[in-house]
């Protein structure tokens, strides 16, 4: 998460949530409601500057929900983040203002009773009130707290917290929607004009979960407590909203951490995912579910990098552009390895089926001592060699 102001393409200071690299529209919150044009579609917002006045908070509105403060005396602007403006209300509440509307992900966590109850003991700071606008949440209110970027925490603590969060959402898991997940990738690739990676034949144990987007955590807590945020603007513009598996959320977190040097080796990545998997049904992190030939973890790393590349282009993050493009340069290497594996898998299948067919045709075991027996042995040897090659060439999930 990038914080503070930076120089936009227009040369003026703009907050980090304004995508100056994506739109040629000058920064002017008063016209956000009219929509801003971009190559990836028009996006809409509201004039958040009105909410820096106590008068705005004290005006009645039928768009509010939950615990809405009605006697605010002091509004203190704390920070601009990548997705929101954070303000302190009288030292009693922390409010997040979302200048651009990308859906109702945050308010739904609190207002959909089954989810709210399931998450009551999860490591998630639940919003207690908010305001909606057509198209999405515009403001949410939390109990007063201190916060810090998620990347400031140890990877294992984050993985453990996310595993606990997904455990509480597991009962709401929805079946594999492989075609729609792959269509998401196709849409992102088409807009970014990037290299195409393989399409994942996900196993039936890869299930969708309700979306929880979090880039902040509660500070001074012995355990991780995530703060839910809005759907990222890039995700909103580039692809359809879908329930993604827990591995997808882990992939996004992993790539964020990797961007700031969070992992020194593949062993550390393995530990990261194993900590997460301890809280979940074993099938979710089984060898077949995370196998690279099934898409596994790599396909979600790939999607995360694509969205981070889009973010970098939109917000003028030149160093992040270089890092993402460098990662994508290895896509062809992964594709080549998977192409080899398809050939080796064909060899393995041919050997097994050839041995079986020969045995069935000759039928009588007494005849297997001659040519049929040699054919069966040869076919089995080919299948065995193919299997060994397959195992050796199979890319590690980590």
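Can you say whether residue 141 is closer than 18 Å to residue 56 by Cα and modelled with pLDDT of 95 or more, as far as the supplied structure shows?
It is true that residue 141 is closer than 18 Å to residue 56 by Cα and modelled with pLDDT of 95 or more.
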Only one residue in 253, 233, 244, 306 is within 19 Å of residue 334 (Cα to Cα), within 17 Å of the chain's Cα centre (by Cα) and assigned by TED's automatic domain parsing to the domain that holds residue 166. Which one?
306
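Residues checked against (1) at pLDDT 95 or above; (2) surrounded by fewer than 17 Cβ atoms within 10 Å (Cβ to Cβ); (3) within 30 Å of residue 42 (Cα to Cα); (4) in the same structural domain as residue 260 (by TED's automatic domain parsing):
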residue: 115; (1), (2), (3), (4): yes, no, no, yes
residue: 162; (1), (2), (3), (4): yes, no, no, yes
residue: 190; (1), (2), (3), (4): no, yes, yes, yes
residue: 203; (1), (2), (3), (4): no, no, no, yes
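Conditions (1) at pLDDT 95 or above; (2) in the same structural domain as residue 315 (by TED's automatic domain parsing); (3) under 24 Å from residue 173 (Cα atoms); (4) in contact with a helix residue (DSSP H, G or I) (Cβ under 6 Å, 6 or more places away or on another chain), marked per residue:
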residue: 66; (1), (2), (3), (4): yes, yes, no, no
residue: 81; (1), (2), (3), (4): yes, yes, no, no
residue: 86; (1), (2), (3), (4): yes, yes, no, no
residue: 98; (1), (2), (3), (4): yes, yes, no, no
residue: 118; (1), (2), (3), (4): yes, yes, yes, yes
residue: 135; (1), (2), (3), (4): no, yes, no, no
What about residue 216, is it in a strand (DSSP E or B), in the same structural domain as residue 129 (by TED's automatic domain parsing) and either within 24 Å of residue 22 (Cβ to Cβ) or touching a helix residue (DSSP H, G or I) at 6+ places or on another chain (Cβ under 8 Å) (or both)?
yes
Can you pull out the residues in the range 157-195 that are touching a residue at least 60 places away in the same chain (Cβ under 8 Å) and in a loop (DSSP other than H, G, I, E, B)?
177, 194, 195
Taking the range 99-150 and keeping residues under 18 Å from residue 223 (Cα atoms) and part of a loop (DSSP other than H, G, I, E, B) leaves 119, 120, 121, 122, 123, 125, 126, 144, 145, 146
Is the range 122-143 home to any residue that is free of Cβ contacts under 8 Å to residues at least 40 places away in the same chain and closer than 19 Å to residue 300 by Cα?
no
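The values are calculated or read from the model by the stated rules, or taken from the named source; none is laboratory data. Just so it is clear, the model here is predicted, and its values are computed rather than measured. For neighbour counting, all protein chains shown are included, and Cβ atoms are generated from backbone atoms with ideal geometry for every residue, glycine included.
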